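The structure appears right after this line, and notes come after that.
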Amino acid sequence: MSDDDDNEPILDVVFYKSEAGNEPVREWLKGLPREDRRTIGEDIKTTQYGWPLGMPLIRKMERGLWEVRSNISTGIARVLFTVKGAVMILLHEFVKKSQKTPPNELDTARRRLNNLEKD
């Protein structure tokens, strides 16, 4: 393997797009302070180039659903994603405030994943 191969991402990264054309994760990121955006972006890039990864950066939530865990100024940001072929699709995001992932946050990611599987 040459050094050139090491510079290629394993996964392409795309934002989930709703039927209305919204990209909720991108919109959320735009509202964060620059330093928080940079931290989350670096963690997503680490995932993109190092996939598959495990803890502490990546945690498998359930079949087809993982989370990127980023420490930002307001707590621990979570970006829930799925992988289809060589594409990482960013489904949902939130800042975790309790030990357990809130069920409504997981439900949102599941709903978006199901929408993708219909297409």
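The values are calculated or read from the model by the stated rules, or taken from the named source; none is laboratory data. Remember, it's a predicted structure, so these values are computed and weren't measured experimentally. Counting neighbours? That spans all protein chains shown, and the Cβs are built from the backbone with ideal geometry, glycine included. We work out accessible area using only protein heavy atoms, side chains counted, and drop any ligands, DNA or RNA first. Shrake-Rupley method; radii C 1.70, N 1.55, O 1.52, S 1.80 Å.
Observations on the structure shown:
- Check on F81, closer than 18 Å to E117 by Cβ, assigned to a strand (DSSP E or B), open to solvent by less than 60 Å² (accessible area, probe 1.4 Å) and free of Cβ contacts under 8 Å to residues at least 40 places away in the same chain: yes
- Unique residue being part of a helix (DSSP H, G or I) and charged (D, E, K, R) when the list is E67, E93, E42: E42
- The single condition among (1) among the small types (G, A, S); (2) farther than 22 Å from D107 by Cβ; (3) open to solvent by 60 Å² or more (accessible area, probe 1.4 Å) that A20 does not meet is (2).
- For region 30-58, the candidate set comprises residues that are among the polar types (S, T, N, Q) and in contact (Cβ under 8 Å) with a residue 12 or more places away in the chain; within that set, the residue that is surrounded by the most Cβ atoms within 10 Å (Cβ to Cβ) is T47.
- Among the criteria (1) in contact with a strand residue (DSSP E or B) (Cβ under 7 Å, 6 or more places away or on another chain); (2) free of Cβ contacts under 8 Å to residues at least 60 places away in the same chain; (3) assigned to a helix (DSSP H, G or I); (4) closer than 27 Å to N115 by Cβ, the one E27 does not fulfil is (1).
- Entry remark, region 69-95: residues being in contact with an Asp or Glu (Cβ under 8 Å, 6 or more places away or on another chain) and under 18 Å from I40 (Cα atoms) number 14 in total.
- Test: residue in region 59-70 that is within 17 Å of P9 (Cα to Cα), open to solvent by less than 70 Å² (accessible area, probe 1.4 Å) and either of a type in the set (F, W, Y) or without any contact (Cβ under 8 Å) to a residue 12 or more places away in the chain (or both): no
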